[in-house]
1. Decide, for segment 1-119, between rounded, prolate and oblate: order the square roots of the alpha carbon gyration tensor eigenvalues as a ≥ b ≥ c, take rounded if a/c falls under 1.5, and otherwise choose prolate if a/b is larger than b/c, else oblate.
2. Taking amide H positions as placed 1.01 Å from N in the peptide plane, with prolines and chain starts having none, which residues 5 or more places from Arg141, or on another chain, fall under 5 Å of its amide H?
3. Within a 10 angstrom radius of the beta carbon, how do His167, His183 rank from fewest other beta carbons to most?
4. Taking the 0 to 90 degree range and rounding to the nearest ten, how far is the long axis of helix 3-13 tilted relative to the main principal axis of the chain, both from C-alpha atoms?
5. Quick one: angle between helix 357-372 and the longest Cα principal axis of the chain, in degrees between 0 and 90, rounded to 10, please.
6. What does the convex hull of the Cα atoms of segment 185-334 come to per residue, in Å³, rounded to a whole number?
7. Just the Cα atoms of the chain, one point each, no solvent: what log10 I(q)/I(0) does Debye give at q = 0.14 Å⁻¹?
8. Per q in 0.23, 0.32, 0.33, 0.34 Å⁻¹, report the Debye log10 I(q)/I(0) for segment 15-54, using one uniform scatterer on each alpha carbon and no solvent.
Amino acid sequence: MLESVSSIAQRVLNGELISRYDARALQAVGGDDIYDLFYWANKIRIQFKGRDVRFCAIVAAKVGGCSEDCQFCAQSSHYQTAVQGQTFLTDEQILASAEHAQRVGADSFGIVNSGRGPTRSEMENWLGPLLGKIAAEGKTRACATLGALTPQTAEFLHRSGVRRVNHNLETSERFYPQIVSTHPYSERLNTLRHAKAAGLSLCSGGIFGMGETWEDRFDMVFTLRDIGVDVMPVNFLNAIAGTPLENQPKLPPMECLKIISICRFINPTVELKVAGGREVCLRDLQSWIFFAGADSTMIGNYLTTYGRSPDVDHQMVRDLGLAWQSYHEGPVMPESERPRMARVSHTGRYQIPIYHEADVELDVEKAAGALKA
Ligand code: SF4
């Protein structure tokens, strides 16, 4: 066994948080010693998270037509991808997805919207009541990925019955301007701050393989540890044709596993979730994610790409001698069937301070059209 890995691991197992210096030592591990890294990450996983793993599932309620220019994203209207224009699922389709998520053992079910942030109309007339319905059923945790949040929208989600919000940092603050130019990193940090202040559990991680350095990776993972996120999704770039990152090579499977392990060393108590890019980047090594330190993964399809059948993931977990833990926290009752957002006077017509008025008009019109359809 490589001494430095085992001695760092012992410190983690004894409850110590590792430093960036330690993380660099782990990053330097190569050759056959990489298996030592996995071995100890697995030990850390079992000590702090137990043997059960968790699944979560998502549904894209509003797809495409996004004003933002995130270079990894098929839904940005800045790029010519297969996702053109904006489409909406019906309430029935979203509720059917929630029911399916619960049936396949998803601990959490997230409604995801494209766009910089939710509008008042979407929140009050569409997503709030829908999320409230899912929360009240109590069969899976209601989670929301709606872009940037304000104190008002975060608080509204909590009153609607939502108990977790996903908003990824995506990468380091240093590398971020090379990936997104239309909204600042601070907006992402503020969203997490507002969500936490509203009593929401935080799910935030990033995408690896966009051209960032290991130092960028450490920046992001240590920042997420400092913020105290509850769930940390690890996505591997699945390059989308038509985006600026379309020619970015896939990360090799062993590098993906190394990233997972180092994340586990840095943040031993987080729910470490392997999400997008699992199938295409890890290929036959997908089942290694748990041995490498993850305790959670996404089940079913992603936002604009397909995942594999839930049956296959169930079999994978069973074959490893593991089990998955479904949601067991029971119903969360919304404050009312139609909660209203708190009004604030200084943020414009729709009380969404981060939008240009023209964008809001566009989104509200389309959302209203979809709601009537
Ligand atoms: S804000 Fe969300 S939907 Fe819009 S481009 Fe960025 S990641 Fe895609």
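1. Prolate.
2. The answer is Ser108, Phe109.
3. So the ranking, lowest neighbour count to highest, is His183, His167.
4. Around 50 degrees separate the two axes.
5. Taking Cα atoms only, the helix is inclined about 80 degrees.
6. In segment 185-334, the Cα hull volume divided by residue count equals 146 Å³.
7. The calculated log intensity ratios at q = 0.14 Å⁻¹ are -1.21.
8. So the normalised log intensities are -0.87, -1.05, -1.06, -1.08.
Throughout, read-outs are computed from the coordinates displayed, never taken from laboratory work. None of the values given here were measured: they were computed from a predicted structure. Here the Cβ is made from the backbone with ideal geometry for all residues, glycine too, and neighbour counts use every protein chain on show.
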